[in-house]
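A quick write-up on the structure given underneath.
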Amino acid sequence: MRSRFSAFAVGDAGYLLESWHPSTRPSVLELDPSIRWLYLDVIDRQGGGLGDDTGVVEFVAHYRARRTGGASGAERGEQHERSAFEKQGGRWFYVGAA
């Protein structure tokens with residue numbers, strides 16, 4: 001989860017696609033350049049330990065977005081989600097919102 005947040009923060013769409021489960025992965029991912037991801041709060045985790053093959057992470061990702069239409073300043077927001085992950089071949093993949 002943290003590595004995917006970092007990829008959003010630096011705009012690494014390639015890593016996001018590579019870490020997305022093949023059954024739910026989009027063919028293309030376009031990141032919004034007006035959004036700057038600031039920090040991540042992990043609220044809860046179920047499963048996802050060393051011996052697990054699945055897990056769910058609840059998080060709040062905080063961002064700042066440039067205002068559109070010529071307005072100055074930036075708007076703060078957050079994305080609150082529970083995300084499902086699956087481990088395959090020793091590697092974790094994002095499946096989707098749980």
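Things to note:
- Shape descriptor for region 21-64: Rg over Rh equals 1.08 (Cα atoms; Rh from the Kirkwood inverse mean 1/r).
- Surrounding net charge for D44, when Lys and Arg each add one and Asp and Glu each subtract one, Cβ distance under 9 Å: +1
- Sequence-separation-based contact order of the chain, relative, with Cα cut under 8 Å and 6+ spacing, percent: 24
- Percent accessible area from carbon and sulfur atoms, the chain, protein chains only, probe 1.4 Å: 48
- Dipole of the chain computed with +1 at Lys/Arg Cβ and -1 at Asp/Glu Cβ about the Cα centre; of L29, A97, L50, farthest Cα towards the positive end is L29.
- Charging the Cβ of each Asp and Glu at -1 and of each Lys and Arg at +1, and nothing else, the dipole of the chain about its Cα centre rounds to 280 debye.
- q = 0.11, 0.12 Å⁻¹, the chain: log10 I(q)/I(0) [Debye, one scatterer per Cα]: -0.36, -0.43
- Nearest-10 value in Å² for the accessible area of S83, using the 1.4 Å probe: 0
The values are calculated or read from the model by the stated rules, or taken from the named source; none is laboratory data. Keep in mind that what you see is a predicted model, and the values were worked out from it rather than measured. All Cβ positions, glycine included, derive from the backbone under ideal geometry; neighbour counts span all protein chains shown. The area values use the complete protein model at the heavy-atom level, side chains included, leaving out ligands, DNA and RNA. Shrake-Rupley method; radii C 1.70, N 1.55, O 1.52, S 1.80 Å.
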